[in-house]
Amino acid sequence: MCGICGFVGDGRSGTLRAMTDAIAHRGPDADGFFLDDGVGLGHRRLSIVDLEGGRQPMADESGDVVVVFNGEIYNHPELYARYSKERPYRTTSDTESILRAYRLHGTDCVLHLDGMFAFVLYDRSRRMLFGARDRFGKKPLYHTTRPFGRFRFAFASELKSLRACPDIAAGVSISDEAVRSYLLNDYVTGTRSIWDGIAQVGPGSAFVYGLPGSGQEGYREWMFWRREIARDDAPPAAAPPSYTEACDRLVELLDRAVKRRFMADVPVGVLLSGGIDSSSIVACAKRTGCLPLKTFSIGFEDESFDETPFAVEVARHFGTDHHHRVFTTAELVARAERVAWMMDEPFADPSVMPTSFLCELAAEHVKTVIGGDGADELLAGYDPFKAIGPATWYERLVPRLVHEKVVRPLAHLLPDSGANMSLAFKIDRFLRGMHEPADRRIRTWMGPFSPAQLATLMPDASLAADAESAKASRPPTTDAIALALDFYQASYLTSDILVKVDRASMLHSLEVRTPFLDKALAEYVNALPSGYKYRRGVTKRLLKDAAVRSGLLPPAIVHRRKKGFGIPVAKWMRGELRGYFRNALLGELPAPLGMLSRPAIADLWSRHDRREANCYKELWALFMLVQWARSVVAQPVCRQIEDDADRPSRQPRAAA
């Protein structure tokens, strides 16, 4: 796991050093640089595989191809066995497998790589950069979309690295479209970024950037992999397996995926909540002999959020070396500004706070951990899946006018406790999504602001709602479960969950691996009928039945109620942190947020404070937007080092 960056243009080695230093937290073990003929590549390394031989930038045997790489190639052992028959490897690093694959397959090399990765290589002979990002977008890769001063093109693992380049820092501005996207979704959606002129390489996508003289100058991006989710209203490509066959195959694939993710030359631990996802990973690790094993969890003082007893029960059942801490209000106050800086963009999923805390704990003991992320998005594990059926019936029985004029006002009279997923909160969220198009309903349930609320909050931009959320379209399928799975995988997983996990872990120089997003496992599950994943109120049905059927987990662990990984923000805003949040939200707003209506913010606060409504999602989104504006926008990160004699270019390590 590492951080990468680079540019094409009239850049000095001092600029490359500044860009690389900005992401030093991603790789504290080593740095490396390449600068030649207007192309710069920078790398920060967190040593996991081939501790001595895997230094980067790494060049092939000819020296014509140089690569910087972030991630892990899980089929590296198979590639190593295949490619070393032609010529022995000079290292045991998976970075060298990328160089070998490129030499043999060109830009189609990505089709032969299985893992989590973001890499960029410079091919001197072809005068081009070539880069790619893994299939689900586990590893980030940002790039400029237009020239900035002396720099025709630049890329990096994080936005702060790009903004460390003075020409880029001086030339970017906040994207109003991205701000609206954030307020509608909790995160900036798609491949856009919060800055105009900077975007992301899409998940499962690759690009080439042709230098002058290449014959194909400029940027071109394409998808090399697409998600295919089976729909019950469309004929399958092949007859699906029986349900029991699918249960057995799921466990086989999970065993294989977990074992692969223990490929490391350092100890590997597991993030353990006590839920079925992380507990299954611990069980597979024990079955496949990946022991001894350290596990890590955190808890909360509020019992409605705390999963400590479950994590401890699983740790004892499997005999792990378990480590645990409690997340408090003091922890939130202490890390809010740093987390906002870490994320680079406004990000309103509250679980980023305890995730950062958990990763900090794990990093004290190991360099690499395995997590259960992706299971809910693949296997229909979230509570909104349970609401899809009732929503259909509600819209048939309750006319829109009755819904707006009678039902919603009555629902607002319900008292709210502020507890985790309280009844009043669930009812309010359910009702706000009614009479929305089916392909927008879950987004409306999940997001902090509705388009109507956003029109009040940003009156000058009320007609320019996020295109991805506001477009009216007929559902491409009548399979509502498949439609929901598509949203969770295409948007929530890639733009929220994986972003959160990457930034929270890398802030503490910790690598997180996700076996549920193994290519073979994900493709197998996505090809199964929707009814295998969700049926009659049972979420994650296939995994639950597979775990019990195979003896992977005891039924008591499998069937316990899901709590999620939130924090009691609603209570804290009305209780011990009331003054802290009030000052942040009702005080002077940072200048970049002048587009927000202060009366609208005050009204939200007043309604929440008087318990007239639970507005914690809206207020938390605004709070994190304020923290971001103060810690990121107001703090310059560029640092030009003019004395290049003190910052010599380092030659890349020859490998293949």
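The values are calculated or read from the model by the stated rules, or taken from the named source; none is laboratory data. What you are looking at is a predicted structure, and each value in this text was computed from that prediction instead of being measured. Cβ coordinates were reconstructed from backbone atoms using ideal geometry, including for glycine residues, and neighbour counts include every protein chain displayed. Each accessible area value is taken on the protein alone, full model and side chains, heavy atoms only, with ligands, DNA and RNA left out. Shrake-Rupley method; radii C 1.70, N 1.55, O 1.52, S 1.80 Å.
Worth pointing out:
- Test: residue in the stretch 259-277 that is under 23 Å from E364 (Cβ atoms), of a type in the set (V, I, T), out of contact with any Lys or Arg (no Cβ under 8 Å at 6 or more places or on another chain) and surrounded by 15 or more Cβ atoms within 10 Å (Cβ to Cβ): no
- Residue under evaluation Y122, criteria (1) in contact with a strand residue (DSSP E or B) (Cβ under 6 Å, 6 or more places away or on another chain); (2) without any contact (Cβ under 8 Å) to a residue 24 or more places away in the chain, criterion not met: (2)
- Number of the condition not met by F425 [criteria: (1) assigned to a helix (DSSP H, G or I); (2) modelled with pLDDT under 90; (3) more than 19 Å from D186 (Cα to Cα)]: (3)
- For the stretch 211-240, the set of residues classified as among the acidic types (D, E), under 30 Å from the mean Cα position of the chain (by Cα) and closer than 23 Å to A118 by Cα consists of E221, E228, listed by residue number.
- For the stretch 241-265, the candidate set comprises residues that are of a type outside the set (K, R) and assigned to a loop (DSSP other than H, G, I, E, B); within that set, the residue that is farthest from the chain's Cα centre (by Cα) is S242.
- Within the stretch 103-118, residues that are closer than 15 Å to V208 by Cα have Cβ atoms under 8 Å from residues that are acidic (D, E) in these pairs: A118/D134, counting only partners at least 6 apart in sequence or on another chain.
- Hits in the stretch 162-187 - residues which are among the charged types (D, E, K, R), under 16 Å from P459 (Cα atoms) and under 21 Å from the mean Cα position of the chain (by Cα): E177, R180
- The listed residues are S13, S84, S47, S62, and the only one of them that is among the hydroxyl-bearing types (S, T, Y), at pLDDT below 95 and within 30 Å of the chain's Cα centre (by Cα) turns out to be S47.
- Flag if S509 is touching a strand residue (DSSP E or B) at 6+ places or on another chain (Cβ under 6 Å), more than 23 Å from A237 (Cα to Cα), surrounded by fewer than 22 Cβ atoms within 10 Å (Cβ to Cβ) and not hydrophobic (A, V, I, L, M, F, W, C): yes
- Scanning the stretch 199-217 for residues that are at pLDDT 95 or above and open to solvent by 10 Å² or more (accessible area, probe 1.4 Å) gives A199, Q200, P203, V208, Y209.
- Among the residues of the stretch 278-305, those that are open to solvent by less than 40 Å² (accessible area, probe 1.4 Å), touching a residue at least 40 places away in the same chain (Cβ under 8 Å) and in contact with a strand residue (DSSP E or B) (Cβ under 9 Å, 6 or more places away or on another chain) comprise S278, I281, A285, F296, S297, I298, F300, F305.
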